[in-house]
Structure formats: C-alpha cells, structure tokens
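Encoded as structure tokens, the structure appears first; notes follow it.
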Amino acid sequence: MLTPTVSEESDMTEEPEPNAGCAVEDVSNWLACERDAAWTAKLVILRVERLDDIRHFGDCLHDHERHVDELAGLARIRGAQLREPSFVTREAHVIGALVESSSVLAAMGALEIARVARYRSHDATVREEAESALDRLLARHRIDAEARLRWLARRLRAPGPIQRVLAL
C-alpha cells in the first residue's frame, strides 16, 4: 500500500493571493493530467488479474483522486473556472487498447517514467525563494509518482529504464 505524502494540514489551508506564484493555466493543466491519471488507474484495475496488482492500482487511484482534489482546491483559490474533464494525455487510450495484464503493467511502467520526468522537469524550473503552493503540491505528487515507479520496478523485476530513472 502506498503511504500518503500529504498531511491533513496541507498548503490548501492557507489562502494565497489570487495568481500569486503560479498561473491559473498551469494549475489547470496539472489538474487535467491528474484527472487522466485517475481514469487510467481505473482502466488498469479492470485489466490486471492479480489481487496485489488490483490493490496497488486502487491505492494509485486514491493518490490521483487526492491530487485532483488538491489541485482543484488550488485552482478555485486562484479563481479558475474548472472545466469538465477531458483527456489531455493519451494514457487512458493506451491502457484501454491493451488486454493482457503483463502488457498493461509494462505500459504503466512507461507512463510512470513519463510522469516522473514531467514532475522533475517542473522541479528544475522552481527557485526556492519563489516556490509557490503549486510547486509544493507537485513536489509531493512527484514523490508519490516515484513510489509508484519503485513498486512497478519490483513487480516487473525491471532493472532497465525504470531503475535508471529512479537513480537520477
């Protein structure tokens, strides 16, 4: 089971100045990606066969739904008009096209590698003195993504690309 990385007393309890430190569009884009990740986790649960896999991806779904709630809260504080969910990534389409459990797990490894890279790319742009509420949320979300990737590495016994990403 994944350990939650966000405490009940998160950054969401503070009411930052509207648009301070991060653009509403950035929050909306990350929110859309997390919504896609939640849908992807739901599809994975339907496609994998082993109970430990189902349980793990249920935990992943819980993480993604928590991330959606956190980002939606930040977007509302920023004054964003929340859009209806729409698929902005191809993740759910990739998983939806697969049938075999082993193919689904391999695809999830590739998707988690891409997610970790997206978070790390954002991390590289953050200056400590100008860190925003979004930056702090995404840093915690990256930790969750890295935990999911470590689980997949153990499950797939895949020392290759996954281990290289985790070693960075």
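The values are calculated or read from the model by the stated rules, or taken from the named source; none is laboratory data. These numbers were taken from a predicted model, which means no experiment stands behind them. Heads up, the Cβs are rebuilt from the backbone with ideal geometry, glycines too, and the neighbour counts pull from every protein chain shown.
Tabulated data
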quantity: Selection count, the range 96-152, where residues are free of Cβ contacts under 8 Å to residues at least 40 places away in the same chain, closer than 23 Å to residue 77 by Cα and acidic (Asp, Glu); calculated: 3
quantity: Residues being under 11 Å from residue 91 (Cα atoms) and crowded, with 21+ Cβ neighbours inside 10 Å - total across the range 39-60; calculated: 3
quantity: Selection count, the range 99-158, where residues are surrounded by fewer than 17 Cβ atoms within 10 Å (Cβ to Cβ) and either at positive phi or hydroxyl-bearing (Ser, Thr, Tyr) (or both); calculated: 6
quantity: Selection within the range 124-153 - assigned to a helix (DSSP H, G or I) and among the small types (Gly, Ala, Ser); calculated: 124, 130, 133, 139, 145, 147, 153
quantity: Residue in the range 33-42 that is in contact with a Cys (Cβ under 7 Å, 6 or more places away or on another chain), among the aliphatic types (A, V, I, L, M) and closer than 21 Å to residue 111 by Cβ present; calculated: yes
quantity: Any hit, the range 115-123, residues being closer than 26 Å to residue 51 by Cα, in a helix (DSSP H, G or I) and under 11 Å from the mean Cα position of the chain (by Cα); calculated: yes
quantity: Single residue of the range 60-90 satisfying the filter (of a type in the set (D, E, K, R) and touching a Pro at 6+ places or on another chain (Cβ under 9 Å)) that is modelled with the lowest pLDDT; calculated: 78
quantity: The one condition in (1) over 24 Å from residue 139 (Cα atoms); (2) touching a residue at least 40 places away in the same chain (Cβ under 8 Å) that residue 93 fails to fulfil; calculated: (2)
quantity: Only listed residue being closer than 21 Å to residue 155 by Cα and under 15 Å from the mean Cα position of the chain (by Cα), chosen from 31, 61, 71, 98; calculated: 61
